[in-house]
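What follows draws every value from the coordinates through simple rules; no lab data is involved. Keep in mind that what you see is a predicted model, and the values were worked out from it rather than measured. Note that each Cβ is placed from the backbone with ideal geometry, even for glycine, and that neighbours are counted across all protein chains shown.
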Ligand SMILES: [Zn+2]
């Protein structure tokens with residue numbers, strides 16, 4: 001990472017120092033806490049599918065799809081917040097439902113019929129960031145030139 005990026009990151013860290021990460025950020029959790037969160041999330045996802053089966057079709061392999069897992073976790077925490085906030089507005093509850101249906105369409109498109117046999121983003125341990133960054137290098141350099149030149 002270059003100096004500028006590093007300084008932005010360290011500045012953000014300074015600003016966020018002492019603050020709790022949002023609940024969907026599991027980086028600070030212990031392995032046991034992560035396991036507990038994932039188990040609770042899985043129960044909620046099963047309940048979600050039961051109640052919204054017509055709209056929400058999620059493949060059983062969802063816990064292994066990194067992006068799907070993260071998005072479902074965000075919906076879960078959002079819903080918990082809504083259910084616990086005494087001053088929550090009905091508009092926000094409607095927004096939650098609308099956002100859920102919209103995301104569910106995307107999930108169905110991306111993961112419908114997943115047999116979990118292909119590669120792609122499936123492997124949560126795979127890390128192709130460096131290769132992707134290198135593939136974008138010359139475009140990134142051009143963009144930097146435009147921004148700074
Ligand atoms: Zn899958």
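Expressed as a fraction of 2.2 N^0.38 Å, the value expected for a compact globular protein of N residues, the C-alpha radius of gyration of the chain is 1.30. For the chain, the longest principal axis of the Cα atoms and the long axis of helix 129-148 meet at an angle of about 60 degrees. As a test of the formula, what do you get for the chain when each DSSP H run with n ≥ 4 contributes -39,500 (n - 2.57) and the sum is divided by the residue count, at 222 nm and rounded to the nearest 500 deg cm²/dmol? The helix contribution divided over the chain gives -22000 deg cm²/dmol. Comparing 95, 137, 81 in a Gaussian network model of the chain, where Cα atoms under 10 Å apart are tied by springs, the biggest mean-square fluctuation is seen for 137.
How high is the relative contact order of the stretch 3-115? Use alpha-carbon pairs under 8 Å, at least six apart in sequence, and give a whole percent. Across the stretch 3-115, relative contact order equals 31 percent.
Note on residue 71 and residue 141: with the Förster distance fixed at 22 Å, the Cβ-Cβ geometry gives a FRET efficiency of about 0.10. The C-alpha atoms of the chain define a longest principal axis, and helix 90-111 lies at about 70 degrees to it. Potential lengthening of the chain between residue 7 and residue 43 amounts to 8.9 nm, from the contour at 0.36 nm per residue minus the alpha-carbon distance. Note on residue 54 and residue 93: with the Förster distance fixed at 25 Å, the Cβ-Cβ geometry gives a FRET efficiency of about 0.85. In this simple spin-label approximation, residue 84 and residue 19 carry label points 7 Å from Cα along the Cα→Cβ vector, and these lie 1.8 nm apart.
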